[in-house]
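Student: What follows is a single structure, and I will ask about it in a moment.
The values are calculated or read from the model by the stated rules, or taken from the named source; none is laboratory data. Just so we're clear, the structure is a prediction, and the values are computed from it rather than from any experiment. In this analysis, Cβ positions are derived from the backbone assuming ideal geometry, glycine residues included, and neighbour counts consider all displayed protein chains. The area values use the complete protein model at the heavy-atom level, side chains included, leaving out ligands, DNA and RNA. Shrake-Rupley method; radii C 1.70, N 1.55, O 1.52, S 1.80 Å.
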Amino acid sequence: MTLATGIAQVQPTTSHRRLDIQGLRAVAVLAVIAYHAGLPLPGGFIGVDIFFVISGFVITGMLFRERQASGRVRLRSFYWRRFKRLAPALALMITVCLLLAIPLLSPFGGQQLAAETGIAATFSLANILIARSLGDYFGAPAEGNPFLNTWSLSVEEQFYLVLPALLIACWFLARNRGSRRALALVALGILSVLSLSLAVLGSTGYSLDRYFWLLSFFSPLTRMWEFGAGAMLALFPLQTVWARYPRAASPVATAGASLIAAALVLVSAATPWPGPWTLIPVIGTAMLLAAGNSVTGGPIGRLLSTRPAVVVGDYSDSLYLWHWPIIVLAVATWGRSLPVTFTAAVLSAVPAVAAFRLVENPLRRAWINTGPGKLLLVGLSLMTPIAMSLILLRGAEAAWGLPLTDRPIYGSGSYGLGTCMRFARDEATSPLLDDSCALGDPQGQRMIYLVGDSQAAQWTEALDESGRDLKAQLRIGTAPGCPFLDVYKGTAAGMGADDVACRDNYENTMALLKRLPPGVVVIAQSPGYWI
């Protein structure tokens, strides 16, 4: 049986395709790539927020039109289209990059991190794993994860588990055709206000202790309002507004573009995100989407609808998928510098374009109408990256048979996926008390304590050997992206949840060290927190 079994080629409908939206996708993906490439665009990561608003707008509009035309929403068809468009392309990227990780990433941490994130991304759970293990999107540990960018894809799919059900419930409860739109708008409005409130709460530093990640950068709870903004816009009768005020569209588009441009320059990694500042690109994107729904979007709408912008927008999903892992693999090989990251970002367009033309676009246009064809596509999309991830994990655990490294001591724990790299949110939760984080000589009377951030963990193997030679126990208690100093990582006005977690980790670890048996405390950390 071949992949073509049960597949017939059909032309997709383009009646609702808006060229300006494709141009806006181009702006979003180029902003993210420029930021990851190290170009002087401090707010480039807001491109993801632009994508979220666009997704909410496009998907809600599609569901509403289907409901108006046929009287129902076919959930099975909706989710199949989503799977067919994303899963095969994602599986290809993960599999290829995991193969490249074997010669390019270290078997002591880097390969495990990639493999475990690859499995999570396959099941749309990458954001949860990354939040719980690495914590900080902007920290050094996260920069070494080749699949860090898949967090946003997971958030998007999680939102799609909620949106169709919410809309269907509203339309079912509506008494008449006219109230369907209103009830859905109210429900989305309430959901969005709650989500924005959680985002603002998280940006102030409030934490849910063990469940801190629920208010973090990666949480679907703090991001749902961005999708909601686009979804509400799709249900709003914009054509009526522009029919009454036709000349207002161009100023609205100009104002929206100005807000996005301002956010790209004014926002940075030090800005608590998501939070109040996130309103700037979200409102700007919503204004551009609204203005483009008029007869003319003015100069901004025409610029976004130019052929170069539309072409880049068509490739945006694939460009987003491939650019970051290629950058990470290049940095692992040649070191981090602007020439390396910029060149890698540019060259990532080659596999991105190839994957779009050979996999993503053909499958998106294909009608797979038999059970065997669907089963084959699902099996290949899920099992291929999972199998490759498991192979990489097993090989890394055995250090691929390399001499003198056939006994990995700390494995993925040194980079955040094990028990020894975690926040001590109170003294009792410190990994220093975890027996699985005890190395050296278990019977030794002397004590060595290793604390600091992820860079401290690189000394685990050396200190383990030293501990056995000196007949000393080694206890490890490191935390991702956290300086082990009497400082606050964020300013008082910009303390995020991870900043509070770092401070708690320092204070609780210090309190615990005062009560543990005396010993040598080894502290290591990146200087990047203060330079």
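Student: Taking region 365-388 as the search range and keeping residues that are open to solvent by 20 Å² or more (accessible area, probe 1.4 Å) and small (Gly, Ala, Ser), which one is farthest from Ala120 (Cα to Cα)?
Tutor: Of everything passing the filter in region 365-388, Gly371 is farthest from Ala120 (Cα to Cα).
Student: Could you list, in sequence order, the residues of region 263-290 that are open to solvent by less than 40 Å² (accessible area, probe 1.4 Å), part of a helix (DSSP H, G or I) and farther than 17 Å from His36 by Cα?
Tutor: Hits for region 263-290 are Thr278, Pro281, Val282, Gly284, Thr285, Ala286, Leu288, Leu289, Ala290.
Student: Identify the residue in region 315-358 that is closer than 14 Å to Leu39 by Cβ, aliphatic (A, V, I, L, M) and open to solvent by less than 40 Å² (accessible area, probe 1.4 Å) and, among all such residues, is nearest to the chain's Cα centre (by Cα).
Tutor: Looking at residues that are closer than 14 Å to Leu39 by Cβ, aliphatic (A, V, I, L, M) and open to solvent by less than 40 Å² (accessible area, probe 1.4 Å), I get Ile327.
Student: May I ask you to list pairs of residues, at least six apart or on different chains, whose Cβ atoms are under 9 Å apart, with the first in region 439-453 being more than 16 Å from Met510 (Cβ to Cβ) and the second being part of a loop (DSSP other than H, G, I, E, B) and among the β-branched types (Val, Ile, Thr)?
Tutor: Short answer, once both residue conditions are applied: Leu439/Ile409.
Student: While we're here: From the list Ser133, Ser179, pick out the single residue that is hydroxyl-bearing (Ser, Thr, Tyr) and without any contact (Cβ under 8 Å) to a residue 24 or more places away in the chain. If you could, list the steps in order and put the result at the bottom.
Tutor: Details: Ser133 fails: without any contact (Cβ under 8 Å) to a residue 24 or more places away in the chain.
Of the residues listed, the single one that is hydroxyl-bearing (Ser, Thr, Tyr) and without any contact (Cβ under 8 Å) to a residue 24 or more places away in the chain is Ser179.
Student: Further, regarding this structure: Being assigned to a loop (DSSP other than H, G, I, E, B), of a type outside the set (A, V, I, L, M) and touching a Phe, Trp or Tyr at 6+ places or on another chain (Cβ under 9 Å) is the filter here; which residues of region 126-160 pass it?
Tutor: Initial filter on region 126-160 (assigned to a loop (DSSP other than H, G, I, E, B)): 134-139, 144-149.
If we keep only those that are of a type outside the set (A, V, I, L, M) as well, we get 135-139, 144-147, 149.
Gly135, Asp136, Tyr137, Phe138, Gly144, Asn145, Pro146, Phe147, Asn149 - these are the residues of region 126-160 that are assigned to a loop (DSSP other than H, G, I, E, B), of a type outside the set (A, V, I, L, M) and touching a Phe, Trp or Tyr at 6+ places or on another chain (Cβ under 9 Å).
Student: Scan region 128-140 for residues that are out of contact with any helix residue (DSSP H, G or I) (no Cβ under 6 Å at 6 or more places or on another chain) and either at pLDDT below 85 or of a type in the set (D, E, K, R) (or both) and jot them down.
Tutor: Our first condition is that a residue be out of contact with any helix residue (DSSP H, G or I) (no Cβ under 6 Å at 6 or more places or on another chain); within region 128-140, this holds for 128, 133, 137-140.
Those that are out of contact with any helix residue (DSSP H, G or I) (no Cβ under 6 Å at 6 or more places or on another chain) and either at pLDDT below 85 or of a type in the set (D, E, K, R) (or both): Ser133, Gly139, Ala140.
Student: Touching an Asp or Glu at 6+ places or on another chain (Cβ under 6 Å) and either part of a helix (DSSP H, G or I) or farther than 23 Å from Val58 by Cβ (or both), is that true of Gly301? Break it down into steps so the answer makes sense when it comes.
Tutor: Numbers: touching an Asp or Glu at 6+ places or on another chain (Cβ under 6 Å): yes; either part of a helix (DSSP H, G or I) or farther than 23 Å from Val58 by Cβ (or both): yes.
Yes.
Student: So Gly189 passes all but one of these: (1) farther than 25 Å from Leu289 by Cα; (2) open to solvent by less than 30 Å² (accessible area, probe 1.4 Å). Which condition number does it fail?
Tutor: Condition (1) is where Gly189 drops out.
Student: So Ser258 fits all but one of (1) under 11 Å from Ile50 (Cα atoms); (2) open to solvent by 50 Å² or more (accessible area, probe 1.4 Å); (3) polar (S, T, N, Q); what number is the exception?
Tutor: In the conditions (1) under 11 Å from Ile50 (Cα atoms); (2) open to solvent by 50 Å² or more (accessible area, probe 1.4 Å); (3) polar (S, T, N, Q), Ser258 misses (1) alone.
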